[in-house]
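First the structure, in the form of structure tokens, and then the observations on it.
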Amino acid sequence: MESRKTQLWVGIFVVLGVLALFFIALRAASGTMTTSGETYTLYAKFDNIGSLKVRSPVKVGGVVVGRVTNISLTGDYYEPLVEMSISKEYDEFSETSSVSVLTSGLLGEQYLGLQPGFIDDSVSMLEDGDSITDTKSALVLENLIGQFLFSQGND
Amino acid sequence: MSQFFENVGRRVLDSVAGIGFALAMFVSAIIGKPQPRKSWPLFIKQMYVVGVLSMVIIIVSGLFIGMVLGLQGYTILVDYGAEQSLGPMVALSLLRELGPVVTGLLFAGRAGSALTAEIGLMKATEQLSSLEMMAVDPLRRVIAPRFWAGLISMPLLALMFSAVGIYGGYLVGSGWLGVDEGAFWSVMQSAVDWRDDLLNGVIKSIVFAFVVTWIALYKGYRAVPTSAGISAATTSTVVTASLAVLGLDFILTAIMFGG
Amino acid sequence: MTQLVELKDVHFAHGDRPLYNGLSLTVPKGKVIAVMGPSGIGKTTLLKLIGGQLKPNKGSIKVAGEEVPKLSRDKLYELRKRMSMLFQSGALFTDMSVFDNVAFPLREHTELPENIIRSVVLMKLEAVGLRGARDLMPSELSGGMARRAALARAIALDPELIMYDEPFAGQDPISMGVIVKLIKSLNQSLGLTSIVVSHDVKEVLSIADYAYVIADKKVVGEGTPDELRNNDTDIIKQFLQGNADGPVAFHYSNDDFTTDLLGGEK
């Protein structure tokens, strides 16, 4: 009787250890994309995504509405294509919406800022699988400095 | 003066002899034909004593250390607007250092001292002698199952410690201080490498497990069989094992991350 | 008569302190042999030498015709299965019940099925009168019961030789009587050979067939109990009668007391 209890505990112990390993190996909680709930997918092409990463947040006015789910290169010119999943709660973005790679704070992580576009009868809403065409790439410090020096030289 | 050199010489000889004995003990405990039918229940029992009974202290300490890391890390990082790097900070310090090292230290205090005291007491009450007279090798019967149990359970404990610690950091960082949940995990994911960080941490904990368990068993087996002797041996286990963990940690860190 | 144990000219030292200088004794099969002597002369060491746990510096120790110090590990362990030792403290395994303690050597060395082990254990416990205590843990036993339980464990494998280390020390008169009777009856009924190491002269002489008195690092007297009682060597007389002074000095050191006292003023 005593030994059965011991065996059970040792079993639990080993299972917990292995679970801990899995938890760390998968670096935790890969299922909790947004605040849970249903999502739809949008795409956006950029020239440069900076240090945007999979699972980076997508924000509207600072509010998280979704996450980056995939980053790949497409087309003949190898342009970065970002796949993001947005919560179904916010499914009324128009085609004229724009998306840009932004940085939180000076040294912070980069995220996608989604700017809802204007709405009138001639534009339709973005649906699952659509692409956002109006994109602004990440600011790259070296390019900025280059541009600055270049414009100085022109004066 | 010659007295001094004599003492130093004797000390050196004694410690060399001690290492030799520990090695011989190791070899005869581990090597030999395995008898799974007899050793398996003994091993399970020791897993319970050494591993399961240490679980509570490891999990509680892990949780608190993770929460403290979250709190401290946040207050430092927020000054640079880099609080989203909290995830990797917590995860890396736990996986690379705190997990194996603190588990090693706690394990030395919790399980190591118990092992030394138990074996010392078995020696004092002639149980080891009596095993030997019954033609049962005490090294295989008493030492080996405890050794394997220590070697296997400590890395598991270290993993639990790190996992619970990361979760504690997440609770404080994300739940309380408002670091973005996704950023916490995603930045952590991109910063933590399973080979560099997780595997090296596990290797560290295996090395510590070996050293701590072995020191505890050796000290118990060589204890002077009196109450004063056993208490001295127990103290010595905790001190030696802790120092060994910290010293080895530096060496391993230098090898793994230094070059 | 065949000799089960033979010690010839054994020299042994604990570190720098010599314990035996040329000790010789023989133990014939089927007898109860007593080894007596004052405390601190290493009687336990003698049993450990016979059991092969210690090696002599010089001399020969033969058990059942085998030279113990020269045996390989495996041979020594084979030989040990034929002998057993009753430790002064009993040395029961504190993490097992009395039943499991007695069953331990059987489970280790035989492949007997559990129901046969059960019968054997109960038989052995019955022999020492502890059948009812089989489910108790060693910590719940009195000193005398613990020693009897240890005795049951010692005879579990039906050894040829059993060595008792101070079996009477620290026992009340009743349990002492019980143990005396047990040693005697086990010896007769199981036909085993016993070596009893003790300084309880009266008890040990009442059951011994032959006795040795050890003092001053060697055997100083031997004989049947009657011969010893009539022996008029000073040292044996002192030991058997329990005189405070005699050849075995009451004082540990031999320095003159007055010089030692005045030593600080020299």
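Summary table below
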{"quantity": "Subset tally (residues that are more than 9 Å from chain A (Cβ to nearest Cβ), assigned to a helix (DSSP H, G or I) and out of contact with any Leu (no Cβ under 6 Å at 6 or more places or on another chain)) for the range B:159-177", "calculated": "4"}
{"quantity": "Residue tally, condition open to solvent by less than 30 Å² (accessible area, probe 1.4 Å) and over 16 Å from B:Ala183 (Cα atoms), over the range A:32-85", "calculated": "7"}
{"quantity": "Residue among B:Leu115, B:Leu128, B:Leu156 that alone is closer than 25 Å to A:Val14 by Cβ, of a type outside the set (Gly, Ala, Ser) and more than 14 Å from chain A (Cβ to nearest Cβ)", "calculated": "B:Leu115"}
{"quantity": "Listing of helices (runs of 4 or more DSSP H) fully contained in the range C:171-233 that carry 2 or more residues being under 22 Å from C:Lys48 (Cα atoms) and within 17 Å of the chain's Cα centre (by Cα)", "calculated": "C:173-190, C:201-207"}
{"quantity": "Condition check for C:Ile155: farther than 25 Å from B:Leu121 by Cβ, open to solvent by 60 Å² or more (accessible area, probe 1.4 Å) and of a type in the set (Val, Ile, Thr)", "calculated": "no"}
{"quantity": "Hits in the range C:22-41 - residues which are over 15 Å from C:Gly221 (Cβ atoms) and buried (at least 21 other Cβ atoms within 10 Å of the Cβ)", "calculated": "C:Val27, C:Val32"}
{"quantity": "Count - residues of the range B:93-117 that are out of contact with any Asp or Glu (no Cβ under 9 Å at 6 or more places or on another chain) and either open to solvent by 10 Å² or more (accessible area, probe 1.4 Å) or of a type in the set (Val, Ile, Thr) (or both)", "calculated": "12"}
{"quantity": "Residue pairs meeting the criteria (Cβ under 9 Å; at least 6 apart or on separate chains; first more than 12 Å from B:Lys204 (Cβ to Cβ), in the range B:235-258; second charged (D, E, K, R))", "calculated": "B:Ser236/B:Lys219; B:Thr237/B:Lys219; B:Thr240/B:Lys219; B:Ala241/B:Lys219"}
{"quantity": "Checklist (1) in contact with an Asp or Glu (Cβ under 9 Å, 6 or more places away or on another chain); (2) more than 15 Å from B:Val172 (Cβ to Cβ); (3) surrounded by 18 or more Cβ atoms within 10 Å (Cβ to Cβ) applied to B:Lys38, failing item", "calculated": "(3)"}
{"quantity": "Residue satisfying condition, being more than 14 Å from chain B (Cβ to nearest Cβ) and within 28 Å of B:Gln189 (Cβ to Cβ), within set A:Ser124, A:Ser137", "calculated": "A:Ser137"}
{"quantity": "Selection status of C:Val120, modelled with pLDDT of 85 or more and of a type in the set (Val, Ile, Thr)", "calculated": "yes"}
{"quantity": "Those residues of the range B:152-171 which are over 21 Å from the mean Cα position of the chain (by Cα) and either open to solvent by less than 10 Å² (accessible area, probe 1.4 Å) or not assigned by TED's automatic domain parsing to the domain that holds B:Tyr74 (or both), in sequence order", "calculated": "B:Gly168, B:Gly169"}
{"quantity": "Test: residue in the range A:96-106 that is in a loop (DSSP other than H, G, I, E, B), at pLDDT below 85 and exposed (fewer than 13 other Cβ atoms within 10 Å of the Cβ)", "calculated": "yes"}
{"quantity": "Residue count, the range C:131-170 (criterion: within 17 Å of the chain's Cα centre (by Cα), assigned to a helix (DSSP H, G or I), at pLDDT below 85 and among the hydrophobic types (A, V, I, L, M, F, W, C))", "calculated": "0"}
{"quantity": "Qualifying position, being under 21 Å from the mean Cα position of the chain (by Cα), under 18 Å from B:Trp185 (Cβ atoms) and either within 12 Å of another protein chain (Cβ to nearest Cβ) or open to solvent by 30 Å² or more (accessible area, probe 1.4 Å) (or both), among B:Val90, B:Val142, B:Val56", "calculated": "B:Val90"}
{"quantity": "Matching option when the condition is crowded, with 20+ Cβ neighbours inside 10 Å and modelled with pLDDT of 85 or more, among C:Leu49, C:Leu19, C:Leu7", "calculated": "C:Leu49"}
{"quantity": "Answer residue from the range C:89-126, given it is open to solvent by 50 Å² or more (accessible area, probe 1.4 Å) and within 13 Å of C:Ile155 (Cβ to Cβ) and is farthest from the other protein chains (Cβ to nearest Cβ) among those", "calculated": "C:Glu126"}
{"quantity": "Lone unmet requirement of (1) within 19 Å of the chain's Cα centre (by Cα); (2) surrounded by fewer than 21 Cβ atoms within 10 Å (Cβ to Cβ) for C:Ser84", "calculated": "(2)"}
{"quantity": "Checklist (1) in a loop (DSSP other than H, G, I, E, B); (2) more than 17 Å from B:Gln127 (Cα to Cα); (3) of a type in the set (S, T, N, Q) applied to C:Gln88, failing item", "calculated": "(2)"}
{"quantity": "Flag for B:Ser205 being crowded, with 21+ Cβ neighbours inside 10 Å and of a type in the set (S, T, N, Q)", "calculated": "yes"}
{"quantity": "Residue match in the range A:58-66 (condition: within 12 Å of another protein chain (Cβ to nearest Cβ), within 10 Å of the chain's Cα centre (by Cα), in a loop (DSSP other than H, G, I, E, B) and over 17 Å from A:Asp134 (Cα atoms))", "calculated": "no"}
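The values are calculated or read from the model by the stated rules, or taken from the named source; none is laboratory data. None of the values given here were measured: they were computed from a predicted structure. When we count neighbours, we look across all protein chains shown, and the Cβ atoms used for this are built from the backbone with ideal geometry, even at glycine. Areas reflect the complete protein model, heavy atoms only, side chains present, ligands, DNA and RNA absent. Shrake-Rupley method; radii C 1.70, N 1.55, O 1.52, S 1.80 Å.
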